[in-house]
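Participant: One structure, pasted below without further comment.
Every read-out reported here was derived from the displayed coordinates using simple, explicitly stated rules and does not represent laboratory data. Owing to the predicted nature of the structure, the values given are computational and were not obtained by experimental measurement. Note that each Cβ is placed from the backbone with ideal geometry, even for glycine, and that neighbours are counted across all protein chains shown.
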Amino acid sequence: MSDRLNGISVFVTAVEAGNFALAASRLHLSRSAVGKTIARLEQRLGVRLFHRTTRSQNLTDDGALFYERCLRALEEIRTAETLLESGKRQVSGRLRVSMPVLFGRLCIAPILTELAREHPQLELELSFNDRLVDMIEDGFDLVVRNGALPDSARLVARRLGNHHMAFCASPAYLARCGEPTTLDALAQHDAVAYLRSGTIRNWEVPLEQGETRLIAPRARLVMDDLQALADATMAGFGIGWLPCWLVRDQLLSGELVRVLQQYPGAEFNAHALWPHTPHLPLKVRLAVDALANKLPASMALIEAQL
């Protein structure tokens, strides 16, 4: 029976991944092991599940029918596990989470690793990536993202907290070029700008009555990595628009100076997202609760010190 269930989980993963290589990566198996498992399953069932070519694999009619039934069976198993877990409050199994690189490493991962310490049978697989992943296709249980949310009826979102941006510069740059005192003065200053999806990101400044002013930075350096952006700002290449959580230590030590403090920093929300399901797995629920309970206090402490 266990061999049969194992074959089914490999089959479903192969269908959802789109190819055996990606399925093998998700399952932490070799590609040949996935292929052999599918071949044994086909032999046992007496049907061909995939049309295979050197470049692609597609479900046969029998494979599509079997996949639909397997999904129903696995959903029933997941529902039963969730109900049992909810009763005993013991969490186990692998939790796959995608998060932004720096925000994830500095702010999210410490909370989740502490959760894993409290639940010894919980396994964490954390992926740090600034691109917008397709969590269904890529097989993630949970995604943490900053800013605007994707428009998808397949996902559920919960706000975890918020953080603010700050205009910063090095003391050496301010000594050489002076300190801007108005937003218009930024046009006369060099900038270190953030590149996202091939576009230089505008600086956002909240104004009265809910309006926001967008400023196109006069970019001397353009980078797609926030840490490199902060490093270049500290090196005196220009003014940077940086998240407070990233540059707290540098602002406290004096390596960076906050400018234009009379303008409130733009606020960005952090959200947890997960696939819509009738019964949320306990491991996902506990992770989201831990983030929602601890992240706001962490962000508030950082910004209170500035």
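Participant: Return one quarter of the surface area of the convex hull spanned by the alpha-carbon atoms of the chain, equal to its mean projected area, in nm².
Facilitator: Values: hull surface 78.5 nm².
The orientation-averaged projected area of the Cα hull of the chain comes to 19.6 nm².
Participant: Can you sort M99, M299, M223 from fewest to most other Cβ atoms within 10 Å of each residue's own Cβ?
Facilitator: In increasing order of surrounding Cβ atoms, one gets M223, M299, M99.
Participant: Separate question: Under the Kirkwood approximation applied to all pairs of distinct alpha-carbon atoms, what is the hydrodynamic radius of region 235-306 in Å?
Facilitator: Working: mean 1/r = 0.0662 Å⁻¹.
In region 235-306 this quantity evaluates to 15.1 Å.
Participant: Once label points are set 7 Å from the Cα along Cα→Cβ at both S25 and A148, what is their separation, rounded to one decimal in nm?
Facilitator: With each label placed 7 Å out from Cα toward Cβ, I get 2.7 nm.
Participant: Right, another one. Once you place label points 7 Å from the Cα toward the Cβ at D138 and S197, how far apart are they in nm?
Facilitator: Between D138 and S197, the simple spin-label model gives 1.4 nm.
Participant: Could I ask something else about it? Semi-axes of the equivalent ellipsoid for region 9-81, please: Cα gyration tensor eigenvalues, times 5, square-rooted, ordered largest first, whole Å.
Facilitator: 19, 16, 11
Participant: Kirkwood Rh over alpha-carbon pairs of region 99-234, then Stokes-Einstein at 4 °C and 1.567 mPa s: what D in µm² s⁻¹, rounded to an integer?
Facilitator: Reported coefficient: 72 µm²/s.
Participant: Tell me the volume per residue, in Å³, of the convex hull enclosing the alpha carbons of region 163-266.
Facilitator: Per residue, the Cα convex hull of region 163-266 comes to 96 Å³.
Participant: Please find the FRET efficiency linking V156 to R176, where r is the Cβ-Cβ separation and R0 is fixed at 35 Å, and quote it to the nearest 0.05.
Facilitator: For R0 = 35 Å, the calculated efficiency reads 0.10.
Participant: Working out 0.36 nm times the residue gap between R285 and S9, then minus their Cα-Cα distance, what length gain in nm do you get to one decimal? Mind dumping the intermediate values first?
Facilitator: Numbers: separation 276, 0.36 × 276 = 99.36 nm, distance 2.29 nm.
Stretched fully, the R285-S9 segment lengthens by 97.1 nm.
Participant: Could you rank the peptides 234-240, 62-68 by their average count of other C-beta atoms within 10 Å per residue, with the highest value first?
Facilitator: Numbers: 234-240: 21.0, 62-68: 15.7.
So the peptides 234-240, 62-68, ranked by packing, come out 234-240, 62-68.
Participant: How large are Rg and Dmax for region 169-224 when only the alpha carbon atoms are used, in Å?
Facilitator: Using the Cα atoms of region 169-224, the pair Rg, Dmax is 12.6, 36 Å.
Participant: As an exercise, use a Förster radius of 30 Å and the Cβ-Cβ distance of K36 and D62 to find the FRET efficiency, rounded to the nearest 0.05.
Facilitator: So, using R0 = 30 Å, E works out to roughly 0.95.
Participant: To continue, here is another question. Hey, with R₀ at 22 Å, roughly what FRET efficiency would T277 and V101 work out to, going by the Cβ-Cβ distance, to 0.05? If you can, show how the numbers build up before the last one.
Facilitator: Values: r = 28 Å, r/R0 = 1.25.
Between T277 and V101 the formula returns 0.20.
Participant: Among H51, H119, which comes first, then next, by fewest other beta-carbon atoms within 10 Å?
Facilitator: Numbers: H51 11, H119 18.
Fewest-to-most ranking of H51, H119: H51, H119.
Participant: While we're on this one: Which percent, nearest 5, of DSSP beta bridges in the chain are antiparallel?
Facilitator: Details: 29 of 44 bridges.
That works out to approximately 65 percent antiparallel.
Participant: Taking every alpha carbon pair in region 133-209, what does the distance histogram look like in 10 angstrom bins from 0, in percent?
Facilitator: 11, 33, 28, 17, 11, 0
Participant: Same structure, new question: Enumerate the calculated ³J(HN,Hα) couplings along region 34-40 in order (Karplus 6.51 cos²θ - 1.76 cosθ + 1.60, θ = phi - 60°), each rounded to whole Hz, writing x wherever the residue is Gly or Pro.
Facilitator: Those phi angles translate into 5, x, 5, 4, 5, 5, 5 Hz.
Participant: How far, in degrees from 0 to 90, does helix 2-17 lean away from the longest principal axis of the Cα atoms of the chain, to the nearest 10?
Facilitator: The answer is roughly 50 degrees.
Participant: Residue separation times 0.36 nm, minus the C-alpha to C-alpha distance between A297 and A187: what's the value?
Facilitator: Working it through step by step, the gained length comes to 36.1 nm.
Participant: Could you give the dipole magnitude of region 201-269 about its Cα centre, charging the beta-carbon of Lys and Arg +1 and that of Asp and Glu -1, in debye to the nearest 20?
Facilitator: So the magnitude is around 220 debye.
Participant: Which residue, L260, A169, Q188, has the largest displacement toward the positive end of the dipole of region 163-266 when charges sit on each Cβ (Lys, Arg +1; Asp, Glu -1)?
Facilitator: Checking the options against the dipole of region 163-266, the answer is Q188.
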